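What follows is a short report on a single structure.
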Amino acid sequence: MTERLLGILTRSFGQILLPGIITTIPLTILSFAIGMLIALAAALVQAAEVKGLRKAARFYVWMIRGTPLLVQLYIIFYGLPSMGILLDAFPAAVMAFSINVGAYASETLRAAILSVPKGQMEAGYCAGLDYFQIMGRIVLPQALKVAFPGLFNSLIGLVKDTSLAANITVLEMFMATQRIAARTYEPFALYCEVGFIYLMMCTVLTKLQKYGEKRLDKAGRMTGKPVTGRGGVICWK
Amino acid sequence: MLEVKNVHKAFHGTEVLKGVDIEVGKGDVVVILGPSGSGKTTLLRCMNFLEKADKGTLVLDGMSVDLAKAQKREIREARLHTGFVFQNYNLFLNKTALENVTEGLVAGRKIPKKQADEIGKKALDKVGLSDRYDYYPQQLSGGQQQRVGIARAVAANPKVIFFDEPTSALDPELIGDVLTVMKKLAEEGTTMVIVTHEMSFAKEVADWVYFMDGGTVVEKGTPQEVLTCPKEERTRQFLRRVLREIDYYI
């Protein structure tokens with residue numbers, strides 16, 4: 001490796017990491033948090049079979065999963081102004097990413113809610129709880145444990161997807177790299193460098209996921225495997 | 001004290017209950033017997049609104065509810081006065097044994113946590129689980145789980161407890177513990193409606209036995225009348241078959 005290249009790489013490292021810290025990470029956290037709220041709402045109205053809303057949630061998931069994230073970003077940032085809705089680049093990116101990740105995460109959550117044996121719901125009713133109490137106290141705590149790895153998958157995906165925000169003028173890690181690459185004519189090294197930084201971020205998240213799973217295991221004691229009981233009824237042992 | 005009248009229920013056009021009447025007096029133990037598919041479990045589930053009946057009335061201690069058109073408020077009110085024990089226990093898997101029992105007291109009946117804990121511990125003591133308060137369902141045997149289920153149903157001091165085949169999912173050697181607990185409850189004067197296949201238990205503990213087949217009550221009476229000298233041919237057939245099955249076990 002030439003000295004010049006080494007110099008570029010060391011100098012650019014900070015210049016790439018800085019927008020990573022002040023843009024990529026906040027963008028990811030904010031989008032994921034809002035996305036989770038959307039996902040929870042979309043999953044719950046489907047699990048509860050709320051008429052109308054259930055259909056709306058299905059439509060939302062269908063739309064978002066069926067169109068490219070890049071197209072969604074363009075519609076929100078470049079398209080909406082013509083309808084009179086003008087958003088800054090960062091809020092537009094947050095909006096696009098939360099709507100997008102919400103659709104995927106809602107499916108993860110919905111499946112997790114369905115995986116909680118239905119009998120507990122009935123037992124909850126018989127014990128005198130109402131629907132929201134059963135959901136909040138019994139079903140969701142168990143569902144979140146099941147959904148946890150899947151949701152982390154979405155989060156890790158989102159970290160990398162934020163690079164698409166460069167297309168709508170958000171100065172995040174990837175755009176910073178592009179600029180340096182254009183200046184120095186070292187695309188190979190620089191794009192490898194930014195890739196490495198993304199990889200490190202996701203590595204941290206992977207470790208976090210492992211730690212979280214361990215904690216949940218301890219908290220829920222749900223280490224058992226589902227077994228088929230007599231009469232073909234699935235129960236947990 | 002508890003009465004259901006003219007219960008009808010069909011699943012996808014198949015009639016499962018064709019006008020069933022059950023009457024339960026205070027302190028009575030009523031056992032419902034019948035071959036599988038006779039509608040006994042469905043009847044029990046309709047009585048607690050887990051299944052919506054197409055027609056029928058429930059009268060619980062003077063409160064009359066239309067089983068087909070019950071309002072949410074009425075259903076909740078009725079459920080606050082009944083307990084239900086499931087075949088598969090249906091314990092809350094993220095809660096300890098004690099929390100399983102107190103959940104309905106704290107969240108459903110707004111009893112202060114401290115007081116609920118006391119009631120819960122008493123209920124668990126009663127079913128012989130005083131050393132298992134903090135165990136999660138997965139750490140308990142089937143028999144223990146079902147006894148937690150019974151404690152959960154008993155704790156709120158309901159007017160009647162429904163048992164839906166409480167021993168059918170258990171290993172034979174664990175059935176005895178559960179039946180002992182149920183017998184104890186019966187002796188204390190708990191009003192119970194029990195769907196079961198345990199013939200000797202029915203004979204010993206029941207005040208009234210209903211025999212159901214094909215969605216109707218074929219025969220009812222004291223255990224003596226129904227189990228020892230049944231009048232109906234269908235009852236006799238059923239008993240012959242069941243008793244022979246028991247021979248196989250021996």
* Structure fact -> Residue hits (the stretch B:106-164; in a helix (DSSP H, G or I) and among the polar types (S, T, N, Q)) are B:Gln115, B:Gln138, B:Gln139, B:Gln144, B:Gln145, B:Gln146
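Between A:Arg4, A:Arg65, A:Arg58, which is of a type in the set (D, E, K, R) and surrounded by 13 or more Cβ atoms within 10 Å (Cβ to Cβ)? Talk me through it step by step, then tell me what you get.
Details: A:Arg4 fails: surrounded by 13 or more Cβ atoms within 10 Å (Cβ to Cβ); A:Arg65 fails: surrounded by 13 or more Cβ atoms within 10 Å (Cβ to Cβ).
Just one listed residue meets the conditions, A:Arg58.
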* Out of B:Gly83, B:Gly34, B:Gly39, report the one residue that is in contact (Cβ under 8 Å) with a residue 60 or more places away in the chain, in contact with a Pro (Cβ under 9 Å, 6 or more places away or on another chain) and not hydroxyl-bearing (Ser, Thr, Tyr). => B:Gly83
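Each row is one residue, and each column tells you yes or no for (1) among the polar types (S, T, N, Q); (2) modelled with pLDDT under 95; (3) farther than 21 Å from B:Val160 by Cα.
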{"residue": "B:Met1", "(1), (2), (3)": "no, yes, no"}
{"residue": "B:His12", "(1), (2), (3)": "no, yes, yes"}
{"residue": "B:Gly27", "(1), (2), (3)": "no, yes, no"}
{"residue": "B:Ser38", "(1), (2), (3)": "yes, yes, yes"}
{"residue": "B:Glu51", "(1), (2), (3)": "no, yes, no"}
{"residue": "B:Gly62", "(1), (2), (3)": "no, yes, no"}
{"residue": "B:Val65", "(1), (2), (3)": "no, yes, no"}
{"residue": "B:Ala70", "(1), (2), (3)": "no, yes, no"}
{"residue": "B:Arg73", "(1), (2), (3)": "no, yes, no"}
* Asked: Taking into account only those residues within the stretch A:104-127 that are small (Gly, Ala, Ser) and surrounded by fewer than 22 Cβ atoms within 10 Å (Cβ to Cβ), which is farthest from the other protein chains (Cβ to nearest Cβ)?
  -> A:Ala111
* the stretch A:128-146, subset at the interface with chain B (Cβ under 7 Å from one of its Cβ atoms) and buried (at least 21 other Cβ atoms within 10 Å of the Cβ), residue farthest from A:Thr108 (Cα to Cα) -> A:Gly128
* Could you look through the stretch A:138-172, keep only residues that are charged (D, E, K, R) and in contact with a Leu (Cβ under 7 Å, 6 or more places away or on another chain), and pick out the one that is farthest from A:Tyr198 (Cα to Cα)? => A:Lys145
* Of the criteria (1) loosely packed, with under 15 Cβ neighbours inside 10 Å; (2) more than 15 Å from B:Thr216 (Cα to Cα), which one B:Leu50 fails -> (1)
* Asked: Looking at this structure, is B:Gln138 over 14 Å from A:Gly124 (Cα atoms), touching a Lys or Arg at 6+ places or on another chain (Cβ under 7 Å) and at the interface with chain A (Cβ under 8 Å from one of its Cβ atoms)?
  -> yes
* Some residue of the stretch B:144-161 being over 23 Å from B:Asn48 (Cα atoms) and either modelled with pLDDT of 90 or more or among the aliphatic types (A, V, I, L, M) (or both) -> yes
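Name the helices (runs of 4 or more DSSP H) wholly inside the stretch A:1-80 in which the number of residues that are touching a residue at least 60 places away in the same chain (Cβ under 8 Å) is 1 or more. Walk me through how you get there before you give the answer.
Details: elements: A:3-19, A:25-47, A:53-66, A:69-74.
Fully inside the stretch A:1-80 and qualifying: A:3-19, A:25-47, A:69-74.
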* Structure fact -> Flagged in the stretch B:37-62 as touching a strand residue (DSSP E or B) at 6+ places or on another chain (Cβ under 8 Å), part of a loop (DSSP other than H, G, I, E, B) and of a type in the set (A, V, I, L, M, F, W, C), in numbering order, are B:Leu50, B:Ala53
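Given A:Ala182, A:Ala176, which one is hydrophobic (A, V, I, L, M, F, W, C) and buried (at least 22 other Cβ atoms within 10 Å of the Cβ)?
Numbers: A:Ala182 fails: buried (at least 22 other Cβ atoms within 10 Å of the Cβ).
Result: A:Ala176 is the single residue among A:Ala182, A:Ala176 that is hydrophobic (A, V, I, L, M, F, W, C) and buried (at least 22 other Cβ atoms within 10 Å of the Cβ).
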* Asked: Can you tell me how many residues in the stretch B:75-117 are charged (D, E, K, R), under 26 Å from A:Leu144 (Cβ atoms) and at the interface with chain A (Cβ under 9 Å from one of its Cβ atoms)?
  -> 2
* Asked: Among the residues of the stretch B:63-85, which ones are more than 17 Å from B:Ile161 (Cα to Cα) and assigned to a loop (DSSP other than H, G, I, E, B)?
  -> B:Leu67, B:Ala68, B:Lys69, B:Ala70, B:Gln71
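Quick check on this structure: which one of B:Pro158, B:Pro172, B:Pro137 is in contact (Cβ under 8 Å) with a residue 12 or more places away in the chain and surrounded by 23 or more Cβ atoms within 10 Å (Cβ to Cβ)? Please lay out each step first, then the result.
Working: B:Pro158 fails: surrounded by 23 or more Cβ atoms within 10 Å (Cβ to Cβ); B:Pro172 fails: surrounded by 23 or more Cβ atoms within 10 Å (Cβ to Cβ).
Being in contact (Cβ under 8 Å) with a residue 12 or more places away in the chain and surrounded by 23 or more Cβ atoms within 10 Å (Cβ to Cβ) holds for just one of B:Pro158, B:Pro172, B:Pro137, which is B:Pro137.
The values are calculated or read from the model by the stated rules, or taken from the named source; none is laboratory data. Note that the structure is a prediction, hence the values are computed from the model and not measured. Please note: Cβ atoms are built from the backbone with ideal geometry, for glycine as well, and neighbour counts cover all protein chains shown.
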